[in-house]
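Enquirer: Pasting a structure here, questions to come.
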Amino acid sequence: MTTTEAPPKKEYRQTPLKRVLAFLRNTWRGLTSMRTALVLLFLLALAAMPGALLPQRNLNVAKTDEYIAAHGWWGELLDRTQFFEVYGSVWFSAIYILLMVSLIGCLAPRSLDYAKAMRAKPVLTPRKLARMPHHLSTTTDRTPEAVMKDTHALLKGWRRVEREEADGVRSISAERGYLRETGNLVFHFGMLGLIIFFALGKLFGYEGQVIVQADDSQWCNSGILGYDTFNAGLRVDGTDLNPFCIRLKDFEARYTEAGQANYYHSNMEYQSGEDLKTGAWKPYGLEVNSPLRTAGDRVYLLNFGYSPKFTVTFPDGTVRTNLTPWRPADEPTKLSEGATKIDQPGITDPIERRTRQLAITGLLAPTAFMHGNVLTSSRPEAKKPAVAIDIYRGDLGLDAGRGQSIFQIDQSLVEDGRLKKLTRQNLDQGQETVLDDGTKVRFDGVGEWVAIQVSHDPVQDWVLVCAVAMLIGLAGSLLVKRRRVWVRVTPGRDGEPGTVIEVAGLARTDQAGYGEEFQRISGKLVQGQRGN
Amino acid sequence: MPINETLSQYSDYSYTTAAAIYVIALMFALIEQGFGAKGRLAAERSMQRSRELVGAGGPPVTTMTPAEPPREIGRPERIGRMGAALLVLAALLHLSAIVLRGLAVHRAPWGNLYEYGMATTFIAVVTWLVIMRKFPVRHLSGFLLLPVVILMFVNGTMLYTTAAPVQPALQSYWLVIHVSAAIIGSGVFLVPGVASVLYLFRAAHDDDPAKFAKFGSKLPAADVLDRIAYRTTIFAFPIFTFGVLCGAVWAEAAWGRFWGWDPKETVAFVAWVVYAAYLHSRATAGWRGKRAAIINIVGFSATIFNMFFVNLVTSGLHSYAGG
Ligand code: HEM
């Protein structure tokens, strides 16, 4: 039935330049359309989700590696496609950047429209007010002038304009709720700012963790090497960190009957700025919810643990005391594990030294409770500390140039036979054991260490400012109603009384509730009451 | 201060009784919905109301003429009313469960997952009571109570936590501000979720009256359901936004960063973006109506997921003590 004809050839020549321009224009239009924004929002939500469900490397490396190992090729694939660094991945960033471009493309024209609308007068009063969703018409004895005056008084706070129409008819066109669009723009600009500052914070910020003994030990923010772990922003190389020093005097934790922590406090001192020159220290009470803020950095109390104190007396009479942090293996009871590594002093020959190094590894219980022969801890406080340890002698591999965990010995050295186990012992506080060569190892009790984090984000205050702007803008955008009222006053014929008042209303946003408001306003108008 | 075991015990009794009465109210509401003329009448009435309420672009209707249909009070309606009364009673017990918990532990009663769930379901019920006053939807109470009762059951069995003080990280006035905003936001969000599900039924029925012939015809007009969903969403969204914002401020003080993509933060972000998409969809041609309703339901799912499963499935910083 239908025959299709070839479309007529276009008359004008498509130069490559024009084609490129058209393509760019269409892409831009597409990208900044509401529908694209919607799809991008969806993609953003979807893309953010895996980060909640899969382990993330920046939060937990060990768990991530475990997951990859446990899931074979699937884990490998996820790893290669950046599912374990979702928020730094190429695809997440792409969505984020497209959304930002879309946002800019959407905001620019809207801001122009907004500027125009702010200067524009309310629209002309329509000829047929009865066609409006809300309408009321009545006759009154009052004069047109009086009605107009009352109407102006009643609609105070509305943007309104009075117009003369033919035959002495006058009308007022009023509108209010402009704050809705203001709020909406403030919200979207706030979000744009937030996205930008968030990204800047990631570039110029850093975060580092370090364990410090709470026995007057001092730690200074002098470089990356001072940290146990350090996450630098892309533009941070660690050469010019804000200098400051801290000294942890003590640490106190309190617990409930049930063994739940309810108080952590570390008395500390710090030095920054001028104080570094004068050597003055300022005191501060470091707690979980109140970080130290100094020199543009923040210092947080993250966690605490115990360091067993061992005193080793070597056969030649030299004595070494060591306090090495052990890490909690079980947080609720602070049963800890770790490795204390000791060099015998006074041995200069490196080869001999490497046969005489000592390692003490095992478990530390702050409140010891023997479960048969197994050491456990019944409470997190150091009420009755005890250790269950293996003592090794030989080469600890400390000179091998390989980084080593401070909490473990290198098991491959044990397998090689370069590190030999001498004994296994359970020691209460004050007890000691004697090794084959007469070396005495005494367990003297525990000290506390505190894990602190130093965070630096030069723009986080601006993120907050943007977020607050967003919130205020959002409230305006959602709660302000945009609405119009028109009033037309027609004088009675030939100067007779009998002024006709017509009122009409239109809600410009899809909110219910204007009906009631309109009734209230129009009722007052008709009765000649003033004020809202 | 020590925990007051007696008050905590009374709180548990109140909670259980409230849940049991909700179940009865649920059944009463289902009877009214299933057998009552109210459902149909209310649907017709709401059709009319919605015609009066349409704003820009609607047909030209002059002022209100609230024509009440003749009241026809049958047995199902009476049962429906009793159901509503029971609902109020159960809500009061629910409230007392929360208050007693707070008195027992001398702190804001939302320091662990169980308490959080208890407060959130309470907010959902209160929101529904308010909606019931403004819209003729009493007979739909069962559909709200169904998720409420399920959540309360899961909460009271799997997530139950004995009364205890909170760990140091939670000892902050931000607990009160941030968590209460999250609770109000999530609780209110349950209502638009349910309204949007019903909207889909009603819209399907409107498109093809053979579909859900019995059920769909007794629902309020699609327009009314849409309005309920929209109004509750725009109420909850800024509160939820405020809650997330306070969470970031608190995290800055407690965890060393204001945002770190912790699982709970992430899912809150996802839910927030989905609700933003919902608001956008209502301003986008071709996305109003059914698609908007579906987006709202997705947001609702994200909220539920965030309330319970994130804490159970993943191990983030947010896992409350005993949660
Ligand atoms: C970055 C992601 C975005 C988020 C989270 C977001 C969020 C929101 C929210 C919550 C509203 C509700 C305010 C209201 O209903 O009045 C809104 C409204 C609006 N947004 Fe966005 N927005 C985003 C991006 C965009 C983009 C890219 C555009 C332009 C294409 C856009 C255009 C609009 C418009 C026109 C409204 C007004 C809708 C109305 O009057 O109901 N938004 N936005």
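Enquirer: Considering each residue of segment B:242-264, count those that are under 25 Å from the mean Cα position of the chain (by Cα) and within 16 Å of the ligand (Cβ to nearest atom), and give that number.
Expert: Counting residues in segment B:242-264 that are under 25 Å from the mean Cα position of the chain (by Cα) and within 16 Å of the ligand (Cβ to nearest atom) gives 5.
Enquirer: Are any residues in segment B:154-169 over 12 Å from B:Val105 (Cβ atoms) and within 13 Å of another protein chain (Cβ to nearest Cβ), and if so, which ones? Step through it out loud before you land on a result.
Expert: Kept after step one, since they are over 12 Å from B:Val105 (Cβ atoms), are these residues of segment B:154-169: B:154-160, B:167-169.
Within segment B:154-169, B:Gln167, B:Pro168, B:Ala169 qualify.
Enquirer: Go through segment A:62-154 and tell me which helices (runs of 4 or more DSSP H), entirely inside it, have 2 or more residues that are within 16 Å of the ligand (Cβ to nearest atom) and in contact with a Leu (Cβ under 7 Å, 6 or more places away or on another chain).
Expert: Filter on segment A:62-154 gives A:90-119.
Enquirer: Among the residues of segment A:462-511 satisfying the criterion of being closer than 29 Å to A:Phe244 by Cβ and more than 10 Å from chain B (Cβ to nearest Cβ), which is nearest to the ligand (Cβ to nearest atom)?
Expert: Checked segment A:462-511; the qualifying residue nearest to the ligand (Cβ to nearest atom) is A:Cys466.
Enquirer: Pick from A:Gly201, A:Gly190: which is of a type outside the set (Phe, Trp, Tyr) and away from the ligand (no atom under 11 Å from the Cβ)?
Expert: Numbers: A:Gly190 fails: away from the ligand (no atom under 11 Å from the Cβ).
None of the others qualify; the one that does is A:Gly201.
Enquirer: Sticking with this structure for a sec: Could we say that A:Ala253 is modelled with pLDDT of 85 or more, within 14 Å of another protein chain (Cβ to nearest Cβ) and closer than 30 Å to B:Pro2 by Cβ here? First the steps, then the outcome.
Expert: On the way: modelled with pLDDT of 85 or more: yes; within 14 Å of another protein chain (Cβ to nearest Cβ): yes; closer than 30 Å to B:Pro2 by Cβ: yes.
For A:Ala253, the condition - modelled with pLDDT of 85 or more, within 14 Å of another protein chain (Cβ to nearest Cβ) and closer than 30 Å to B:Pro2 by Cβ - is met.
Enquirer: Among the residues of segment A:447-467, is there at least one that is surrounded by fewer than 23 Cβ atoms within 10 Å (Cβ to Cβ) and more than 33 Å from the chain's Cα centre (by Cα)?
Expert: So far as segment A:447-467 goes, yes, one or more of its residues are surrounded by fewer than 23 Cβ atoms within 10 Å (Cβ to Cβ) and more than 33 Å from the chain's Cα centre (by Cα).
Enquirer: What do you reckon, is A:Met132 more than 14 Å from chain B (Cβ to nearest Cβ), of a type outside the set (Gly, Ala, Ser) and either farther than 23 Å from A:Glu496 by Cβ or touching a residue at least 12 places away in the same chain (Cβ under 8 Å) (or both)? Write out each step before concluding.
Expert: Values: more than 14 Å from chain B (Cβ to nearest Cβ): no; of a type outside the set (Gly, Ala, Ser): yes; either farther than 23 Å from A:Glu496 by Cβ or touching a residue at least 12 places away in the same chain (Cβ under 8 Å) (or both): yes.
No.
Enquirer: Then there is this: Of all residues in segment A:47-59 being assigned to a helix (DSSP H, G or I) and hydrophobic (A, V, I, L, M, F, W, C), which is farthest from the other protein chains (Cβ to nearest Cβ)? Break it down into steps so the answer makes sense when it comes.
Expert: Looking only at segment A:47-59, we keep the residues that are assigned to a helix (DSSP H, G or I), and these are A:47-48, A:50-53.
Filter once more, so that each one left must be hydrophobic (A, V, I, L, M, F, W, C): A:47-48, A:52-53.
Values: A:Ala47: 9, A:Ala48: 5, A:Ala52: 4, A:Leu53: 7 Å.
For segment A:47-59, the residue satisfying everything is A:Ala47.
Enquirer: Could I ask something else about it? Within segment B:258-272, work out how many residues are at the interface with chain A (Cβ under 7 Å from one of its Cβ atoms) and surrounded by fewer than 21 Cβ atoms within 10 Å (Cβ to Cβ). Outline the logic, then answer.
Expert: Taking segment B:258-272 first, the residues at the interface with chain A (Cβ under 7 Å from one of its Cβ atoms) are B:258, B:261, B:263, B:266-267, B:269-270.
This time we only want the ones that are surrounded by fewer than 21 Cβ atoms within 10 Å (Cβ to Cβ), so: B:261.
Residues flagged as at the interface with chain A (Cβ under 7 Å from one of its Cβ atoms) and surrounded by fewer than 21 Cβ atoms within 10 Å (Cβ to Cβ) within segment B:258-272 amount to 1.
Enquirer: Going by what's in this entry, would B:Ala97 be described as at pLDDT 85 or above, under 17 Å from B:Tyr13 (Cα atoms) and either in contact with a Phe, Trp or Tyr (Cβ under 8 Å, 6 or more places away or on another chain) or buried (at least 19 other Cβ atoms within 10 Å of the Cβ) (or both)? Spell out the reasoning first.
Expert: Details: at pLDDT 85 or above: yes; under 17 Å from B:Tyr13 (Cα atoms): yes; either in contact with a Phe, Trp or Tyr (Cβ under 8 Å, 6 or more places away or on another chain) or buried (at least 19 other Cβ atoms within 10 Å of the Cβ) (or both): yes.
Spelling it out, B:Ala97 is indeed at pLDDT 85 or above, under 17 Å from B:Tyr13 (Cα atoms) and either in contact with a Phe, Trp or Tyr (Cβ under 8 Å, 6 or more places away or on another chain) or buried (at least 19 other Cβ atoms within 10 Å of the Cβ) (or both).
Enquirer: Looking only at residues in segment A:215-250 that are within 14 Å of chain B (Cβ to nearest Cβ) and not small (Gly, Ala, Ser), which one is farthest from the chain's Cα centre (by Cα)?
Expert: A:Tyr227
Enquirer: Shifting gears a bit: Restricting to segment A:149-171, give me the number of residues that are among the hydrophobic types (A, V, I, L, M, F, W, C) and surrounded by fewer than 19 Cβ atoms within 10 Å (Cβ to Cβ). Full working, then the answer.
Expert: Of all residues in segment A:149-171, those among the hydrophobic types (A, V, I, L, M, F, W, C) come to A:153-155, A:158, A:161, A:166, A:169.
Within this subset, residues satisfying the condition of being surrounded by fewer than 19 Cβ atoms within 10 Å (Cβ to Cβ) are A:153, A:161, A:166, A:169.
Looking only at that region, the number is 4.
Enquirer: Kindly check whether there is at least one residue in segment B:227-243 that is more than 30 Å from B:Leu30 (Cβ to Cβ) and among the β-branched types (Val, Ile, Thr).
Expert: Taking every residue of segment B:227-243 in turn, at least one turns out to be more than 30 Å from B:Leu30 (Cβ to Cβ) and among the β-branched types (Val, Ile, Thr).
Enquirer: Return the pairs, sorted by first residue and then second, in which the second residue is within 16 Å of the ligand (Cβ to nearest atom), the first residue lies in segment B:280-301 and is β-branched (Val, Ile, Thr), the beta carbons are less than 6 Å apart, and the residues are 6+ apart or on different chains.
Expert: So the pair list comes out as B:Thr284/A:Met34; B:Thr284/A:Arg35; B:Thr284/A:Leu38; B:Ile295/B:Ala277; B:Ile295/B:Tyr278; B:Ile295/B:Ser281; B:Val298/B:Val274.
Enquirer: Which condition number in (1) within 12 Å of another protein chain (Cβ to nearest Cβ); (2) more than 30 Å from the chain's Cα centre (by Cα) is the one that A:Asn262 fails?
Expert: It is condition (2) that A:Asn262 fails.
Enquirer: Between A:Gly201, A:Gly177, A:Gly168, which is within 14 Å of chain B (Cβ to nearest Cβ) and touching a helix residue (DSSP H, G or I) at 6+ places or on another chain (Cβ under 9 Å)? First the steps, then the outcome.
Expert: On the way: A:Gly177 fails: touching a helix residue (DSSP H, G or I) at 6+ places or on another chain (Cβ under 9 Å); A:Gly168 fails: within 14 Å of chain B (Cβ to nearest Cβ).
Residue meeting the stated conditions: A:Gly201.
Enquirer: Here is a further query. For B:Arg288, work out the one condition from (1) modelled with pLDDT of 90 or more; (2) outside any helix (DSSP H, G or I); (3) of a type in the set (D, E, K, R) it doesn't fulfil.
Expert: B:Arg288 satisfies every listed condition except (1).
Enquirer: For segment A:265-281, which positions are in a strand (DSSP E or B) and modelled with pLDDT under 90? Lay out the reasoning, then the answer.
Expert: Step one: filter segment A:265-281 for residues in a strand (DSSP E or B), giving A:265-272.
Scanning segment A:265-281 gives a single hit, A:Ser272.
Enquirer: A further question on this structure: Going through A:Leu31, A:Leu44, A:Leu99, A:Leu78 one at a time, which residue ends up being surrounded by 13 or more Cβ atoms within 10 Å (Cβ to Cβ) and facing chain B (nearest Cβ under 9 Å)? Please lay out each step first, then the result.
Expert: Working: A:Leu31 fails: facing chain B (nearest Cβ under 9 Å); A:Leu99 fails: facing chain B (nearest Cβ under 9 Å); A:Leu78 fails: facing chain B (nearest Cβ under 9 Å).
None of the others qualify; the one that does is A:Leu44.
Each row is one residue, and each column tells you yes or no for (1) without any contact (Cβ under 8 Å) to a residue 24 or more places away in the chain; (2) within 16 Å of the ligand (Cβ to nearest atom); (3) closer than 27 Å to A:Leu479 by Cβ.
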{"position": "B:Val194", "(1), (2), (3)": "no, no, yes"}
{"position": "B:Val197", "(1), (2), (3)": "no, no, yes"}
{"position": "B:Phe201", "(1), (2), (3)": "yes, no, no"}
{"position": "B:Asp207", "(1), (2), (3)": "yes, no, no"}
{"position": "B:Gly216", "(1), (2), (3)": "yes, no, no"}
{"position": "B:Ala221", "(1), (2), (3)": "no, no, yes"}
{"position": "B:Val224", "(1), (2), (3)": "no, no, yes"}
{"position": "B:Ile234", "(1), (2), (3)": "no, yes, yes"}
{"position": "B:Phe240", "(1), (2), (3)": "no, yes, yes"}
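The values are calculated or read from the model by the stated rules, or taken from the named source; none is laboratory data. None of the values given here were measured: they were computed from a predicted structure. Methodologically, a virtual Cβ is constructed for each residue, glycine included, from the backbone with ideal geometry; neighbour enumeration extends over all protein chains shown.
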